[in-house]
1. Sort 150-160, 190-200, 121-131 by packing, meaning the average of other beta carbons within 10 Å per residue, with the highest value first.
2. Label-point separation (nm) for C165 and Q124, each offset 7 Å from Cα along Cα-to-Cβ?
3. Which ³J(HN,Hα) values, rounded to whole Hz and listed in residue order, are derived for segment 144-160 from phi using the Karplus coefficients 6.51, -1.76 and 1.60 in 6.51 cos²θ - 1.76 cosθ + 1.60 with θ = phi - 60°, glycine and proline given as x?
4. Determine the gain in length on full extension of the stretch R194-A88; use 0.36 nm per residue of separation and subtract their C-alpha separation, reporting nm with one decimal.
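Please treat every number below as a calculation from the coordinates, not as lab data. Owing to the predicted nature of the structure, the values given are computational and were not obtained by experimental measurement. Ideal geometry is used to build each Cβ from the backbone, glycine not excepted, and the neighbour counts take in all protein chains shown.
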Amino acid sequence: MAVAQEVPSGPDEPVGDGVDPAASTRERILDIALELFTSQGYDKTSLRQIAERLGFTKAAIYYHFASKAEILMALHLRLHEFGRESLAAMGDEASVESWARLLEGLIDQMLAQRALFIFHERNQAAIEELHRSENYGEHEDIQARFRQVLANEELPPETRVRMACAIGAVMGALAFSGDVFSSLPSDELGAMLRSAVATLLVDPAAD
């Protein structure tokens, strides 16, 4: 049976209440790719498979993405949107309290998109290759912002070390949330993460 081809909409064509049809189709492509890359791996997934799941031809995929690697990059960058939003909310304030709020926001956002971490964990080789072959300045900017906060010498070294350990605990647990902690519901994992962060950020000298 022939696969029906979706006619790609131009990026400036509004639909209904103003939703951009091109953006909507792009997100659908990413959602299906996320599912397939996670279940069978990036290398074993073809653009044709993604197109067939969506009900149109491979040519329609190329309207939105030049290659499968570009889809991989777009999925990977979804993760870094979390960090950007939380850092922007923190502003220039550098304190244990602001760091705790940042991590609280990260935990909420990341657990809501837990599938992204499972995808990341199961496709590490492909993502590492992407790092080597693509312009990755956006990721470096976010890492630089984290380093800037942690390098603030207005804070005592012990405080900055505890802040670094706290974000390490969050990222480490979420990185393994797909397999090692797959049996834990997100609300339980979130509660455990918040408890660990609170413990790491407590200054023992304050007791």
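1. Numbers: 150-160: 12.6, 190-200: 16.5, 121-131: 14.6.
With the highest mean Cβ count within 10 Å placed first, the list reads 190-200, 121-131, 150-160.
2. The two pseudo-label positions are separated by 2.4 nm.
3. After applying 6.51 cos²θ - 1.76 cosθ + 1.60, I find 5, 5, 4, 4, 4, 5, 6, 8, 5, 6, 6, 9, x, x, 4, 5, 5 Hz.
4. Difference between extended and current length: 36.1 nm.
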